[in-house]
Amino acid sequence: MPRLKHCYTQKDIEALARKRLPWGMWEFLYGGADDEWCLTNNRRAFEHYELMPRACVDVSNIDLTTSVMGMDLEWPVMLSPTGMNRMYHGSGEIGAARAALKTGTVYSLSTYSSYSIEQVAETNPGNKIFQLFINPGIERSFELIDRAKISGYQALCLTVDTTASPNKERDYKTGIAFGGVTPKSLLSILAHPRWIYGLVTGGSLQLANLGISPLEADKFQWKHATQLNWELVKKIRDHWQGPFALKGLLNPEDAITARQIGVDGIIISNHGGRQMDGVPAPVSLIREFVDATNNEVDIIIDSGIRRGSDVIKALALGAKACMIGRPYLYGLAAAGEAGATKAIDILKAELLRDMTLLGLTAINDISPQTIRTGPNQG
Ligand SMILES: Cc1cc2nc3c(=O)[nH]c(=O)nc-3n(C[C@H](O)[C@H](O)[C@H](O)COP(=O)(O)O)c2cc1C
């Protein structure tokens, strides 16, 4: 059986995660919507840009620090919010939040977390973002915002790309889409006793912030989300008062409205290809978003970031930071906190190495001249 110490790359960690997870969990984690075109294109889109190194620059000292939405970052990568982390490892969000702290990364906690706002805040006193879904209802959403404020989360992000349950076709085969298991996925669960142990020792699986089981969430899940409008976004923004971002915008026209209502950040995201298939890869939208917001809103991207060079390309196009989702979840599934830490560390080491090889000594050195459009542009 391969182990974490034999993992040198994100792909190695991904392969180990696949072995450690029952089939259904793996398919849910890895999969995308419809034909999974976005899932593939999120990676391919980075190939449109080539890096342009400068030679003979003294790169003996490199400063990766930056700031995003008023938060000081040790390096320009943050963790994307992901729900129900205990499905991947018993340590769940606690393991991921600890890994974030160890690697100097900002952690984002999902509304649909399996450990609560308060439990995660206790474990990670560093910079944290709380991610809000309005699916549980407007009143409850405002309660969640207040809890995040009291618990010391620095920023709030509202996810806006989940107005319908996604069509993730792998999940029909495993039974997850129907809230159950097929005989084949049950057999796979039984073949993963270590995973079962991790799950059962943590008590019953709950949406910890709401105190209900994941199956109950389906009752309210989509009704409220379909009612989200700009007026409500403004109310949420005003209620929170602190640094506020929208996550899941893909149209620069919406960025103009977002700026008008006073957002501090926009996370361009296609949810890692898990919601609407056929939409653009976020990296290809950065320039348009920077222009639409007059460079006054911090632009962040996620979806498909796997390499240090991806981060440099995104920043050269005008992003302030990037976020990763699956990579740290693969790490968590592979080996809990240590696995998530390793996945994030590999990315950080790559970023540092790439900065060195490109002759860049600080994040501010990354400019449009750091890249050019390559022959693969379609
Ligand atoms: C298993 C899983 C659960 C997710 N849950 C949430 C969530 O609760 N809230 C949210 O805003 N985004 C959620 N996302 C989307 C991520 O925040 C992020 O946009 C996406 O993972 C980025 O793409 P990447 O996985 O290619 O890095 C989830 C993603 C995954 C893979």
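Every read-out reported here was derived from the displayed coordinates using simple, explicitly stated rules and does not represent laboratory data. Owing to the predicted nature of the structure, the values given are computational and were not obtained by experimental measurement. Positions of Cβ are backbone-derived with ideal geometry, glycine not excepted, and every protein chain shown enters the neighbour counts.
Shape summary: segment 290-358 maps onto an equivalent ellipsoid whose semi-axes, from the alpha-carbon gyration tensor, are 25, 15, 8 Å in decreasing order.
Per residue, the chain reaches -12500 deg cm²/dmol at 222 nm when only DSSP H runs of four or more residues are counted, each adding -39500 (n - 2.57). Full extension of the chain segment joining LEU190 with THR9 gains 62.3 nm, where the gain is 0.36 nm per residue of separation less the Cα-Cα distance.
Looking at the chain, the DSSP beta bridges with both ends there are about 20 percent antiparallel. Does segment 185-262 classify as rounded, prolate or oblate by the C-alpha gyration tensor (a ≥ b ≥ c root eigenvalues; a/c under 1.5 gives rounded; else a/b over b/c gives prolate, otherwise oblate)? It comes out prolate by the Cα gyration axes.
Fully extending the segment from THR226 to ASP238, taken as 0.36 nm per residue of separation minus the present Cα-Cα distance, adds 2.2 nm. Subtracting the Cα-Cα distance of LEU352 and GLU118 from their residue separation scaled by 0.36 nm leaves 80.9 nm.
When both bridge partners sit in segment 36-180, DSSP labels roughly 25% of those beta bridges antiparallel. Using the Cα gyration tensor of segment 1-129, with a ≥ b ≥ c the square roots of its eigenvalues, what is the shape: rounded (a/c below 1.5), prolate (a/b larger than b/c) or oblate (neither)? Oblate. A convex hull fitted around the alpha carbon atoms of the chain yields 131 Å³ per residue. Between ASN294 and LEU51, the simple spin-label model (points 7 angstrom out along Cα→Cβ) gives 3.5 nm. For segment 104-195, the Kirkwood hydrodynamic radius comes to 15.6 Å, computed from all pairs of different C-alpha atoms.
Considering only Cα-Cα distances, which of the following residue pairs are longer than 18 Å: LYS313/LYS348; LYS128/LYS234; LYS168/LYS342; LYS11/LYS348?
Correct reply: LYS128/LYS234; LYS168/LYS342.
Looking at segment 201-325 alone, DSSP beta bridges between its own residues are antiparallel in about 10 percent of cases.
Here the chain is scanned for trypsin sites (Lys or Arg not before Pro) in DSSP loops (not H, G, I, E, B) that have at most 16 other Cβ atoms within 10 Å, and the longest stretch holding none of them is 55-378. For segment 174-324, the percent of C-alpha pairs falling in each 5 Å distance bin, counted from 0 to the bin holding the largest distance, reads 2, 8, 13, 14, 15, 14, 12, 11, 7, 4, 1.
Given C-alpha coordinates of segment 218-272, what is the ratio Rg to Rh with the Kirkwood estimate of Rh?
Radius of gyration relative to Kirkwood radius: 0.99.
Coupling constants for segment 89-99 follow from the phi torsions by the Karplus curve (6.51 cos²θ - 1.76 cosθ + 1.60, θ = phi - 60°), and in residue order they are 6, x, 6, x, 5, 5, x, 5, 5, 5, 4 Hz; glycine and proline get x.
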